[in-house]
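Read the structure below first, then the notes.
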Amino acid sequence: MIVRNRAVSPASALTVMGEVADVLDHRSTTGRPSVTTAVSDRVALGIADMFRSTTPSGQVLERFARTGTADSAALIEACRVEQGYASAEGHAALYCLIGWVHKQRHRAATTP
């Protein structure tokens, strides 16, 4: 499934880290957090922009950051690969990007 991001530009690194912390805090205080509890479109682009590189997974993130569209399975796989090399904060941000993809899939499945 192709996911599309409606944001025009990515969020700054400071905005990304702040919103990631807020989303993770909210998810941790909720017994069963909703799939819709995810970062905003701008932050999703910002996370992808932070992890773009010349590696195959980094190129998937770069294309998503540049175009706002990606195959959901490829984007999730790229995030999981990058999590293996990321700092704790980077791992958390990529986890939130995966959550954003799940939210987009859920929205597509429930919207007629």
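Within region 65-78, how many residues turn out to be more than 17 Å from GLY90 (Cα to Cα) and assigned to a helix (DSSP H, G or I)?
So in region 65-78, the residues more than 17 Å from GLY90 (Cα to Cα) come out as 66-74.
Imposing the further condition that a residue be assigned to a helix (DSSP H, G or I) reduces the set to 66-67, 72-74.
Total satisfying the criteria: 5.
I need a count of the residues in region 39-54 that are among the polar types (S, T, N, Q) and in contact with a helix residue (DSSP H, G or I) (Cβ under 8 Å, 6 or more places away or on another chain).
The number of residues fulfilling the criteria is 2.
Any chance region 4-14 includes a residue that's surrounded by 16 or more Cβ atoms within 10 Å (Cβ to Cβ), of a type in the set (S, T, N, Q) and in contact with a Ser or Thr (Cβ under 8 Å, 6 or more places away or on another chain)?
Looking only at region 4-14, we keep the residues that are surrounded by 16 or more Cβ atoms within 10 Å (Cβ to Cβ), and these are 5, 10-11.
Subset that is of a type in the set (S, T, N, Q): 5.
Cutting the leftovers down to in contact with a Ser or Thr (Cβ under 8 Å, 6 or more places away or on another chain) gives us 5.
Yes, the conditions are met somewhere in region 4-14.
Go through region 1-60 and give me each residue that's closer than 12 Å to TRP100 by Cα, assigned to a helix (DSSP H, G or I) and over 11 Å from the mean Cα position of the chain (by Cα).
Once the filter is applied, which keeps residues that are closer than 12 Å to TRP100 by Cα, assigned to a helix (DSSP H, G or I) and over 11 Å from the mean Cα position of the chain (by Cα), region 1-60 yields only VAL23.
Take region 71-90 and flag every residue that is hydrophobic (A, V, I, L, M, F, W, C) and loosely packed, with under 13 Cβ neighbours inside 10 Å. Quick ask: steps written out before the conclusion?
Start the filter on region 71-90 by keeping residues that are hydrophobic (A, V, I, L, M, F, W, C), which leaves 73-76, 78-79, 81, 86, 88.
Hits for region 71-90 are ALA73, ALA88.
Confirm whether ARG42 is in contact with a Leu (Cβ under 9 Å, 6 or more places away or on another chain), of a type outside the set (A, V, I, L, M) and closer than 18 Å to THR15 by Cβ. Even if it seems obvious, please write down each step before you answer.
Values: in contact with a Leu (Cβ under 9 Å, 6 or more places away or on another chain): no; of a type outside the set (A, V, I, L, M): yes; closer than 18 Å to THR15 by Cβ: yes.
When the stated conditions are applied, ARG42 does not pass them.
Going through ARG80, ARG66 one at a time, which residue ends up being under 24 Å from PRO33 (Cα atoms), out of contact with any Ser or Thr (no Cβ under 7 Å at 6 or more places or on another chain) and modelled with pLDDT of 95 or more?
Working: ARG66 fails: under 24 Å from PRO33 (Cα atoms).
Going through ARG80, ARG66 in turn, just one is under 24 Å from PRO33 (Cα atoms), out of contact with any Ser or Thr (no Cβ under 7 Å at 6 or more places or on another chain) and modelled with pLDDT of 95 or more: ARG80.
The values are calculated or read from the model by the stated rules, or taken from the named source; none is laboratory data. Keep in mind the model is a prediction, meaning the values are calculated, not measured. Cβ atoms come from the backbone with ideal geometry, glycine included; neighbour counts cover every protein chain shown.
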